Every structure is written in structure tokens, then in C-alpha cells.
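Everything on this sheet refers to the single structure shown next.
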Amino acid sequence: MPPSYAAIRPLLAPWGELRAQPASDWQGEFALPPALLDFYREVGPWGGVRHASVGPLGLDLACGGNPVSIPPLQNLWARQAGYRWHGLSGERLRGWKDEWLVVAMEGSHPFIYDLISGAVSFDLAGGDWNPRPIADDLATAFGALATVANTYAALGESALDEDYELRPQARASVRDALAEFLGQGPAQADALLHAWRWYE
């Protein structure tokens, strides 16, 4: 059974303000999927506000390397640029499926929500799209990302060696915390980290 949004809210809270966001903030060309409607209403990644004209920035989860960015709802549709359509010309990009929606990014690499199945996957930007499954639902995906970020942050400087490589003990700590969150064994946690290509 997937976690509730109420259960993952405290996991995301360290990374910025959380605020309920109404469906009217959605700018997309189709109806907001119920799972995303619930996520933004019950969790609401708002983050800081750099300037009133810019609005909320969403959350940036420090997981090592580029942060994982979860946008506020009012910016979610605009974040499809470069994936669903060309950012300058607006031309629809081939290879991107209609049922895919980017819900978070690690740099330019997208976490993709499948509008049909409700599952979340991850892929590296550039080349053909071949996303790897991360989780069967949004709550598990966002909770897993937050668990990794929180565990990694708690490790601090001890996570990396003198060559800035991830220490085996740090990977084990992250894997164990993730396994506990998922409620499954370490093999499932390793599979998620591998699909994400976390520190590979």
C-alpha cells in the first residue's frame, strides 16, 4: 500500500515551505490528474519566493550532485518545455509520449509521471527516451526522493571521501533508510537507486 501524502509531508518539509495549491494554479492543456491535484493540495511544494513577480520557486532536494527540483503547481506546465515541446519554437518534440508529464528534475534529467498508469520513472536527458521505473505512484516516488535527501544531508561531509566519491558506508546508510521507507528489503532500495542512477 502506498504512503499517504500526509505521511510524506514531514519528509519534504525540511526543503522549503509547503503550502496548499489549488487546481486553478495549473496551466496545462488537459485536466490535472487527481493524484497530482491531491499532492499539490495536501503537500504543496511552494519553497521560497525570490521576487513577487517570479513567485514561488518550489523545493530543491540536495541528494548529491544537482538538486532534485520539485516545482510549484503554477510552474509545472512550463517545466514541460524541452521535453514535450521545444523551448524556443514551441514545436512538439518527437519521442515524448502524450501520457508523460515531468514532475521533478535533477538538472535537466526528468522524473516522469505516467498519466495512464500513475507510475513514476527517471531518465537521462539527451538521446532517445528510455525511462526506468522508480515507483508505482507519486507518493512513494516523492517520499523516496525526500528520504534519500534527508539521509544524505544527515551524513554531511562524511558522505564523500577525499576524492569526492560516495563512501560505501554512506551508500549503505541511504539504502537502509530507503528500504525502511519502502517497507521492503535492501534489494528494492538498490533497484530504485539504480533506476535513478544515483551516484553511478
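The values are calculated or read from the model by the stated rules, or taken from the named source; none is laboratory data. What you are looking at is a predicted structure, and each value in this text was computed from that prediction instead of being measured. With ideal geometry, Cβ positions are generated from the backbone for all residues, glycine too; neighbour counts draw on all protein chains shown. Calculation scope for accessible area: heavy atoms of the full protein, side chains included, ligands and nucleic acids excluded. Shrake-Rupley method; radii C 1.70, N 1.55, O 1.52, S 1.80 Å.
Structure above, values below:
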{"quantity": "Residues (open to solvent by less than 40 Å² (accessible area, probe 1.4 Å) and either touching a Lys or Arg at 6+ places or on another chain (Cβ under 9 Å) or acidic (Asp, Glu) (or both)) located in region 179-191", "calculated": "Ala189"}
{"quantity": "Among residues of region 1-25, those that are in a helix (DSSP H, G or I) and small (Gly, Ala, Ser), counted", "calculated": "5"}
{"quantity": "In region 20-54, residue least open to solvent (accessible area, probe 1.4 Å) [restricted to those that are among the small types (Gly, Ala, Ser) and farther than 26 Å from Ala135 by Cβ]", "calculated": "Gly48"}
{"quantity": "Residues of region 120-147 classified as under 18 Å from Pro33 (Cα atoms), out of contact with any Pro (no Cβ under 6 Å at 6 or more places or on another chain) and open to solvent by 30 Å² or more (accessible area, probe 1.4 Å), total", "calculated": "1"}
{"quantity": "Selection within region 73-101 - of a type in the set (Lys, Arg) and either surrounded by 14 or more Cβ atoms within 10 Å (Cβ to Cβ) or farther than 21 Å from Gly118 by Cα (or both)", "calculated": "Arg79, Arg84, Arg92, Arg94"}
{"quantity": "Scope region 161-179; condition in contact (Cβ under 8 Å) with a residue 24 or more places away in the chain and in a helix (DSSP H, G or I); matching residues", "calculated": "Arg171, Val174, Ala177, Leu178"}
